[in-house]
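These notes concern the structure reproduced below.
The values are calculated or read from the model by the stated rules, or taken from the named source; none is laboratory data. From a predicted model like this one, the values you see are computed outputs, not experimental measurements. Heads up, the Cβs are rebuilt from the backbone with ideal geometry, glycines too, and the neighbour counts pull from every protein chain shown.
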Amino acid sequence: MSGELGVKQYGRVVRIPSPTGFSVGDINSYVILPPEGSEQLVLIDTGVGSQTAWDALQAGLGQFGYRVEDIRLLLLTHGHTDHFGQATRIREVSGCEVWGHEAIDMTVSRYLPSAEDEARERVFLRRLGLDDALYDKAYAYRSYIADVYTPCEPDRLLADGDRIAVEDFELETIHTPGHCPEEVVYWQPDSRQMFSGDHLLPDITPVCLLHIPATPDGVRTHALTQYYQSADKILPLDVRTVYPSHGDVFRDHRELIAGYKLSTDRRLLKIARILEQHGALTPLEVGQYLFPKAWEAQLYAVISEVMGHLDMLLDYAMVETEERGELLRYRLLRVPGPGEIFGAAA
Ligand SMILES: [Zn+2]
């Protein structure tokens, strides 16, 4: 998928894709070019910390007469390595500031947990059906991730609604958790343009990553339910252009969200039918029925996906949980009716 989109200009906005090495393919960084007589060059998201990604960014900026050294402000949509991987290096050569949401975590511990955190994760996932061997498989991707970022401390933490003074292009920060806790989209209200990060992606449904609480008795976020609360928050905006982190620039975010709701509705129904047929199941077993071929190769994504949907069914009182021995199982209470979860809009 690498390089299929290419560098492209949309008025003051320039898209620069770079390869990630992940199955998602390229990530788009966006540049906001300074107006005449100004030097305020703004970058949104960086690509992974690899020489290839660095060269792609440098070459893309070069097409407009700029260099990485000229960047004045770096905004991050969230703290995943393809979005901030080379933030520290960019700040070192340019002296720019790095801003992101107040919940952003770009430390080593997010991707290389301490022995204590790992033990807690293992206990947590064992309840969902993943034994130690499957735990190792689910997190095998971490060894690749460790090579593609440098930890980063942001210079300023943004909150929902914070305005960012970009010359003649003021941005509003909108907190849109779901894909991860700290995700934001950046919204330019006058020209109705939105930088959507991984919140809205034209070709794939964003994965809402499983949240494991920091303490054994901590409250777990229902990521998929939270995702749709965020989607509903940006739904009323009259958006003209959406700049996603992966895939091509697009126009109709309402149509996209309606499509997401439709596919989530279908998956909720499918999971309900699986539980109806097989009785109470662990999340891993649901994943095995749902993705009979892919579940093992994509284990972390699969368990995130399954838990997101089971949480949602739980939030709507369509399943109940039962604890037996070490395992957590979900039992169907009733199959969701058409439009029952997302209403007529779906
Ligand atoms: Zn992401």
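Key figures
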| item | result |
| --- | --- |
| Unique residue being more than 16 Å from the ligand (Cβ to nearest atom) and of a type in the set (Val, Ile, Thr) when the list is Ile164, Ile204 | Ile164 |
| Condition met for Gly247 (under 30 Å from Leu76 (Cβ atoms) and assigned to a helix (DSSP H, G or I)) | no |
| Test: Leu235 is touching a helix residue (DSSP H, G or I) at 6+ places or on another chain (Cβ under 8 Å) and within 16 Å of the ligand (Cβ to nearest atom) | no |
| Count of residues meeting criterion [under 16 Å from Asp198 (Cβ atoms) and in contact with a strand residue (DSSP E or B) (Cβ under 7 Å, 6 or more places away or on another chain)] in region 14-50 | 13 |
| Filter result (more than 13 Å from the ligand (Cβ to nearest atom), touching a Ser or Thr at 6+ places or on another chain (Cβ under 8 Å) and either closer than 19 Å to Val13 by Cβ or of a type in the set (A, V, I, L, M, F, W, C) (or both)) within region 171-186 | Tyr186 |
| Any hit, region 239-251, residues being free of Cβ contacts under 8 Å to residues at least 60 places away in the same chain, surrounded by fewer than 15 Cβ atoms within 10 Å (Cβ to Cβ) and either in the same structural domain as Gly197 (by TED's automatic domain parsing) or basic (Lys, Arg) (or both) | yes |
| Pick from region 255-300, criterion of a type in the set (Asp, Glu) and touching a residue at least 40 places away in the same chain (Cβ under 8 Å), ranking: surrounded by the most Cβ atoms within 10 Å (Cβ to Cβ) | Glu285 |
| Candidates Leu224, Leu210, Leu201 - the one that is at pLDDT 95 or above and either over 22 Å from Tyr139 (Cα atoms) or part of a loop (DSSP other than H, G, I, E, B) (or both) | Leu201 |
| Any hit, region 161-176, residues being in the same structural domain as Leu235 (by TED's automatic domain parsing), among the acidic types (Asp, Glu) and under 20 Å from Leu209 (Cα atoms) | no |
| Count of region 187-201 residues which are away from the ligand (no atom under 16 Å from the Cβ) and not polar (S, T, N, Q) | 5 |
| The lone exception for Ile303 - which of (1) surrounded by 21 or more Cβ atoms within 10 Å (Cβ to Cβ); (2) assigned by TED's automatic domain parsing to the domain that holds Ser196 it fails | (2) |
| Any chance Gly339 is in a loop (DSSP other than H, G, I, E, B) and either touching a strand residue (DSSP E or B) at 6+ places or on another chain (Cβ under 9 Å) or over 25 Å from Leu134 (Cα atoms) (or both) | yes |
| Residue among Tyr228, Tyr300, Tyr260 that is aromatic (Phe, Trp, Tyr) and closer than 24 Å to Glu118 by Cα | Tyr300 |
| Close pairs (9 angstrom Cβ cut-off, 6 or more residues apart or separate chains): assigned by TED's automatic domain parsing to the domain that holds Arg122 and surrounded by fewer than 10 Cβ atoms within 10 Å (Cβ to Cβ) in region 322-340, assigned to a loop (DSSP other than H, G, I, E, B) and modelled with pLDDT of 95 or more anywhere | Arg324/Ala280 |
| Selected residue (only one of Glu285, Glu255 is on the phi < 0 side of the Ramachandran plot, more than 22 Å from the chain's Cα centre (by Cα) and among the charged types (D, E, K, R)) | Glu285 |
